[in-house]
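K.L.:
Pasting in a structure now, in structure tokens, and then I'll have a few things to ask.
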Amino acid sequence: MTLCQWFLLVAFIPMTSGANPGVKVKLTEKGLEYGRQLGMVSIQQKLKSIKVPDFSGSQRVSPIGKVKYSLSNMHIVTVGLPQSAVNLVQGTGIRLSISNAFISLRGNWKVKYLRIIKDSGSFDLNVKGLTIGTSIAIKSDETGRPAVSNVNCGATVSSASVKFHGGASWLYNLFRKFIDKALRSAMQKQMCPLVANVISDLNPQLKTLNVLAKVDQYAEIEYSMVSSPIVSNSSIDFSLKGEFYNIGKHQEPPFSPSAFSLPPQINNMLYIGMSAFTANSAAFVYNKAGALHLFVTDDMIPQSSPIRLNTRTFGAFIPQIAKRFPGLMMKLLVQTVKPPVTTFEPNNLTVQASSTVTAYAIQPNTTLSPLFVLNLETSVSAQVFVRGMRLAGAVTLNKMTLTLRISYVGEFQVRSLDSILQLVLKVVVIPRLNVQLAKGYPLPALGKMKLVNTQLEVLKDYMLIGTDVQFTG
């Protein structure tokens, strides 16, 4: 994991409106600690790339007189970051500090003195007590994606010790303190620009955050940020829009998200709260797109079933059908009349759907003759689960209620069709719905993040995903 991937965890910080979110994300101290450990690897790699410029000068050394010197080809040999910390500054942002770091360099030296005498050799530089502290500001760009900047930085080097080898190294040792000071100053000046570059390099990576993620041919979900984060001493809470839209057409539903709060859990690195609003906005989108309908034909019914979609089977319950349309196959159109409604209660997720069932007789020339239209009220229980970086689910039928809407074949007892419609729902409609639900929809994607040790709990008005994370690549 690189430092930029870690900042993807903490960079959901907007400066937009204060509307209630559909999704909330909490980053805990455990998540920050994981990021600190892996982020230091990235900073250490950056420190190894420090380029200390060549420098030269002259110094009067008794009794020789004026000595001209130069130090060149300095390169990093080792870097150590034994102590580091990331702290949340309540109401502000993040403070990164590194202490007692050390760096070893190697380079070449040259001298000229008494006008004609030249010499050269190598040297080792050990920098100890390196301390770096920086504050990081995180804001939203114009697309709702995060952008980071270095607010302030300070760096100090407590000591720099030089050891010269070869040639007239004894001569350098006569003014080592001067060289030590010059090299310490050169190293110190490198630190904050390096940190600023590390932070600036995060922004192209942050642009990859999926604030608008495609779900399928009908829908996309928006995860842009709707308010500034709440930064406490132990976590950062982020508010995301969490709303489904028809692809390319963002129409708001006739309802708004309700306020909800995540519980003060800290066992996982990350908590994601998905509200009922998010699920209901999906229902609004799919209903508006005309995707919540299905034609049911006889070949969808298991061959072992005695119930067939033909006028003979239905004629046993509604004699008029067998008399007026003898020996014909039938087709049922099941479609919602309004968006289904999802309700979250503790350990219970239910969906209420209002639909119609239109029955047709299929004439020999394939013309459809309408027979009747039923009102179908269904309640299903849903199980939800995380699969990869997607939230998926499956439903089972709780109950259904049928009433007559329109009949083209005269009066009949609707309850007589209960067994047929139960079969249609259980063996055709719900299995096909579950195939789509199993595909799931994208969760907020934070770089190349993998969720591990994931737990999901249904609470009042929202579901809570608690998870640890791993980064790859």
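K.L.:
Among the numbered criteria (1) open to solvent by 20 Å² or more (accessible area, probe 1.4 Å); (2) touching a residue at least 60 places away in the same chain (Cβ under 8 Å), which one does ARG184 miss?
P.N.:
(2)
K.L.:
Does the stretch 83-100 hold any residues that are open to solvent by 60 Å² or more (accessible area, probe 1.4 Å) and under 21 Å from MET187 (Cα atoms), and which are they?
P.N.:
GLN83, ASN100
K.L.:
Can you tell me which residue is nearest to MET269 (Cα to Cα) among those in the stretch 439-452 that are under 16 Å from the mean Cα position of the chain (by Cα) and open to solvent by 50 Å² or more (accessible area, probe 1.4 Å)? Show your work before the answer.
P.N.:
Our first condition is that a residue be under 16 Å from the mean Cα position of the chain (by Cα); within the stretch 439-452, this holds for 440-452.
So of that shortlist, the ones also open to solvent by 50 Å² or more (accessible area, probe 1.4 Å) come out as 448, 450.
Numbers: LYS448: 16, LYS450: 12 Å.
Ranking the candidates gives LYS450 first.
K.L.:
Can you confirm whether LEU404 is under 46 Å from the mean Cα position of the chain (by Cα) and either open to solvent by less than 10 Å² (accessible area, probe 1.4 Å) or at pLDDT 95 or above (or both)?
P.N.:
On the way: under 46 Å from the mean Cα position of the chain (by Cα): no; either open to solvent by less than 10 Å² (accessible area, probe 1.4 Å) or at pLDDT 95 or above (or both): yes.
Considered against the rule, which asks whether it is under 46 Å from the mean Cα position of the chain (by Cα) and either open to solvent by less than 10 Å² (accessible area, probe 1.4 Å) or at pLDDT 95 or above (or both), LEU404 comes out as no.
K.L.:
Something else about it: Can you find a residue that is of a type in the set (S, T, N, Q), touching a Pro at 6+ places or on another chain (Cβ under 9 Å) and within 30 Å of GLN320 (Cβ to Cβ) anywhere in the stretch 360-376? Before the answer, list the steps.
P.N.:
Going through the stretch 360-376, the residues of a type in the set (S, T, N, Q) turn out to be 363, 365-367, 369, 375.
When the remaining residues are screened for being touching a Pro at 6+ places or on another chain (Cβ under 9 Å), the result is none.
Taking every residue of the stretch 360-376 in turn, none turns out to be of a type in the set (S, T, N, Q), touching a Pro at 6+ places or on another chain (Cβ under 9 Å) and within 30 Å of GLN320 (Cβ to Cβ).
K.L.:
A further question on this structure: Given the structure, is GLY80 out of contact with any Phe, Trp or Tyr (no Cβ under 6 Å at 6 or more places or on another chain) and open to solvent by less than 50 Å² (accessible area, probe 1.4 Å)? If you could, list the steps in order and put the result at the bottom.
P.N.:
Numbers: out of contact with any Phe, Trp or Tyr (no Cβ under 6 Å at 6 or more places or on another chain): no; open to solvent by less than 50 Å² (accessible area, probe 1.4 Å): yes.
Considered against the rule, which asks whether it is out of contact with any Phe, Trp or Tyr (no Cβ under 6 Å at 6 or more places or on another chain) and open to solvent by less than 50 Å² (accessible area, probe 1.4 Å), GLY80 comes out as no.
K.L.:
Is it true that ASN152 is part of a strand (DSSP E or B), at pLDDT 85 or above, open to solvent by 60 Å² or more (accessible area, probe 1.4 Å) and closer than 21 Å to VAL61 by Cβ?
P.N.:
Values: part of a strand (DSSP E or B): yes; at pLDDT 85 or above: yes; open to solvent by 60 Å² or more (accessible area, probe 1.4 Å): yes; closer than 21 Å to VAL61 by Cβ: no.
Against the criterion (part of a strand (DSSP E or B), at pLDDT 85 or above, open to solvent by 60 Å² or more (accessible area, probe 1.4 Å) and closer than 21 Å to VAL61 by Cβ), ASN152 does not qualify.
K.L.:
So which residues in the stretch 1-50 are modelled with pLDDT of 75 or more, part of a loop (DSSP other than H, G, I, E, B) and closer than 27 Å to ALA276 by Cβ, if there are any at all?
P.N.:
If the condition is that a residue be modelled with pLDDT of 75 or more, part of a loop (DSSP other than H, G, I, E, B) and closer than 27 Å to ALA276 by Cβ, then ALA19, ASN20, PRO21, GLY22 are the ones that fit.
K.L.:
Among the residues of the stretch 255-262, is any in a strand (DSSP E or B) and within 18 Å of GLU29 (Cβ to Cβ)?
P.N.:
Going residue by residue through the stretch 255-262, those that are in a strand (DSSP E or B) are none.
No.
K.L.:
A further question on this structure: What is the one condition in (1) in a loop (DSSP other than H, G, I, E, B); (2) crowded, with 20+ Cβ neighbours inside 10 Å that ALA160 does not satisfy?
P.N.:
Condition not satisfied by ALA160: (1).
K.L.:
A further question on this structure: Taking the options ASP418, ASP461, name whichever one is among the acidic types (Asp, Glu) and within 30 Å of LEU212 (Cβ to Cβ). Before the answer, list the steps.
P.N.:
Working: ASP418 fails: within 30 Å of LEU212 (Cβ to Cβ).
Testing whether each residue is among the acidic types (Asp, Glu) and within 30 Å of LEU212 (Cβ to Cβ) leaves just ASP461.
K.L.:
Taking the condition more than 22 Å from THR297 (Cβ to Cβ), open to solvent by less than 60 Å² (accessible area, probe 1.4 Å) and either in contact with a strand residue (DSSP E or B) (Cβ under 7 Å, 6 or more places away or on another chain) or not in a strand (DSSP E or B) (or both), does MET463 pass?
P.N.:
yes
K.L.:
Any residue at all in the stretch 218-225 that is exposed (fewer than 15 other Cβ atoms within 10 Å of the Cβ) and more than 23 Å from LEU437 (Cα to Cα)?
P.N.:
Here is the first cut: in the stretch 218-225, the ones exposed (fewer than 15 other Cβ atoms within 10 Å of the Cβ) are none.
No: the stretch 218-225 contains no residue that is exposed (fewer than 15 other Cβ atoms within 10 Å of the Cβ) and more than 23 Å from LEU437 (Cα to Cα).
K.L.:
I would also like to ask the following. Applying the selection to the stretch 282-329, what residues are without any contact (Cβ under 8 Å) to a residue 12 or more places away in the chain and among the basic types (Lys, Arg)?
P.N.:
Within the stretch 282-329, ARG308, LYS323 meet the criteria.
K.L.:
Looking at LYS68, LYS128, LYS118, LYS139, which is the one that is of a type outside the set (Val, Ile, Thr) and under 30 Å from SER239 (Cβ atoms)?
P.N.:
The conditions single out LYS139.
K.L.:
For the stretch 412-432, give me each residue that is crowded, with 19+ Cβ neighbours inside 10 Å and within 18 Å of THR336 (Cα to Cα).
P.N.:
Those that are crowded, with 19+ Cβ neighbours inside 10 Å and within 18 Å of THR336 (Cα to Cα): LEU421, VAL424, LEU425, VAL428, VAL429.
K.L.:
Name the residues in the stretch 192-209 that are open to solvent by less than 30 Å² (accessible area, probe 1.4 Å) and under 21 Å from the mean Cα position of the chain (by Cα), would you?
P.N.:
Passing the criteria: ILE199, LEU202, LEU206, LEU209.
K.L.:
Still on this structure, I have one more. Whether any residue in the stretch 201-223 is assigned to a strand (DSSP E or B) and of a type in the set (Val, Ile, Thr) is what I want to check. Before the answer, list the steps.
P.N.:
Applying the first criterion (assigned to a strand (DSSP E or B)) to the stretch 201-223 yields 212-214, 219-222.
Checking which are of a type in the set (Val, Ile, Thr) leaves us with 221.
Among the residues of the stretch 201-223, at least one is assigned to a strand (DSSP E or B) and of a type in the set (Val, Ile, Thr), which makes the answer yes.
K.L.:
Related question: Let me confirm something: among ILE132, ILE138, ILE103, which residue is at pLDDT 85 or above, within 33 Å of the chain's Cα centre (by Cα), buried (at least 17 other Cβ atoms within 10 Å of the Cβ) and among the β-branched types (Val, Ile, Thr)? Step through it out loud before you land on a result.
P.N.:
On the way: ILE138 fails: at pLDDT 85 or above; ILE103 fails: within 33 Å of the chain's Cα centre (by Cα).
Result: ILE132 is the single residue among ILE132, ILE138, ILE103 that is at pLDDT 85 or above, within 33 Å of the chain's Cα centre (by Cα), buried (at least 17 other Cβ atoms within 10 Å of the Cβ) and among the β-branched types (Val, Ile, Thr).
K.L.:
Could you tell me whether the stretch 357-369 includes any residue that is touching a residue at least 40 places away in the same chain (Cβ under 8 Å), open to solvent by 50 Å² or more (accessible area, probe 1.4 Å) and either outside any strand (DSSP E or B) or within 20 Å of GLN422 (Cβ to Cβ) (or both)?
P.N.:
Taking the stretch 357-369 first, the residues touching a residue at least 40 places away in the same chain (Cβ under 8 Å) are 357, 359, 361, 369.
The next check asks that each one be open to solvent by 50 Å² or more (accessible area, probe 1.4 Å); those that pass are none.
The answer is no; no qualifying residue exists.
K.L.:
Pull out all pairs, ordered by first then second residue, where Cβ-Cβ is under 7 Å, the residues are six or more apart or on different chains, the first lies in the stretch 382-408 and is over 18 Å from SER419 (Cα atoms) and touching a residue at least 24 places away in the same chain (Cβ under 8 Å), and the second is among the small types (Gly, Ala, Ser) and outside any strand (DSSP E or B).
P.N.:
ARG387/GLY440; MET389/ALA445; ARG390/GLY440; LEU391/GLY440; ALA392/ALA438; ALA392/GLY440; ALA394/ALA438
K.L.:
Which condition number in (1) open to solvent by 50 Å² or more (accessible area, probe 1.4 Å); (2) closer than 21 Å to ASN287 by Cβ is the one that VAL380 fails?
P.N.:
Result: VAL380 fails condition (1) only.
The values are calculated or read from the model by the stated rules, or taken from the named source; none is laboratory data. In this text the structure is predicted, and so the values were computed from the model without any measurement. Virtual Cβ from ideal backbone geometry, glycine too; neighbours counted across all protein chains shown. Side chains included, ligands, DNA and RNA excluded: accessible areas come from the protein's heavy atoms. Shrake-Rupley method; radii C 1.70, N 1.55, O 1.52, S 1.80 Å.
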